[in-house]
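Structure, as structure tokens:
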Amino acid sequence: MNMIETDCGTYIRLLVEGRIDVTTSPKLQAQILNCFQKKNELVVDFLNVEYISSAGLRALLIGQKTALSKKGKMEIVNVSKDVMTVLNMTGFNKILTIK
């Protein structure tokens, strides 16, 4: 998994590429928390994410809770059909802001 962070002025865009699984999710979680140290708004771009495991969902949940605690927001964009199926089945589509 690779990530590219871009400062977009009022928010940070985090482009994520690859698989988010038990091996890579700690890196995603750390990067999300790092972004919230800099700004209160984060857009996580899943354009090139083909798979997410429960460990990856946990990283997103921690990110969402961090956003709420900072009175900020986190959006997930460009979600593939396969990843969206996982988010829908687990109910994360009701917890996260997905565009």
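The values are calculated or read from the model by the stated rules, or taken from the named source; none is laboratory data. These numbers come from a predicted model, not from an experiment. Every residue, glycine as well, gets a Cβ built from its backbone with ideal geometry; the counts of neighbours run over all protein chains shown. Accessible surface is based on the protein model in full, side chains and every heavy atom, while ligands, DNA and RNA are left aside. Shrake-Rupley method; radii C 1.70, N 1.55, O 1.52, S 1.80 Å.
The residue list 56, 91 contains one member that is in contact (Cβ under 8 Å) with a residue 24 or more places away in the chain and among the small types (Gly, Ala, Ser), which is 56.
Output the residues belonging to the stretch 40-80 that are open to solvent by 40 Å² or more (accessible area, probe 1.4 Å) and part of a strand (DSSP E or B). Within the stretch 40-80, 41, 47, 48, 50, 51, 73 qualify.
For the stretch 34-55, residues that are farther than 21 Å from residue 6 by Cα and either touching a Ser or Thr at 6+ places or on another chain (Cβ under 6 Å) or of a type in the set (Val, Ile, Thr) (or both) total 2. Might you let me know whether the stretch 46-62 holds any residue that is of a type in the set (Phe, Trp, Tyr) and either closer than 15 Å to residue 15 by Cβ or under 9 Å from the mean Cα position of the chain (by Cα) (or both)? Yes; the residues of the stretch 46-62 include at least one that is of a type in the set (Phe, Trp, Tyr) and either closer than 15 Å to residue 15 by Cβ or under 9 Å from the mean Cα position of the chain (by Cα) (or both).
Checked against the criterion of being surrounded by 12 or more Cβ atoms within 10 Å (Cβ to Cβ), in contact with a Leu (Cβ under 9 Å, 6 or more places away or on another chain) and β-branched (Val, Ile, Thr), the candidates 90, 97 yield just one match: 90.
Among the residues of the stretch 26-38, which ones are within 20 Å of residue 73 (Cβ to Cβ) and either open to solvent by 50 Å² or more (accessible area, probe 1.4 Å) or small (Gly, Ala, Ser) (or both)?
Correct list: 30, 33, 34, 37, 38.
The residues in the stretch 2-25 that are open to solvent by 60 Å² or more (accessible area, probe 1.4 Å) and within 12 Å of residue 53 (Cα to Cα) can be counted, and the count is 3. Tell me yes or no: at least one residue of the stretch 1-20 is in contact with a Gly (Cβ under 9 Å, 6 or more places away or on another chain) and assigned to a helix (DSSP H, G or I). Among the residues of the stretch 1-20, not one is in contact with a Gly (Cβ under 9 Å, 6 or more places away or on another chain) and assigned to a helix (DSSP H, G or I), which makes the answer no.
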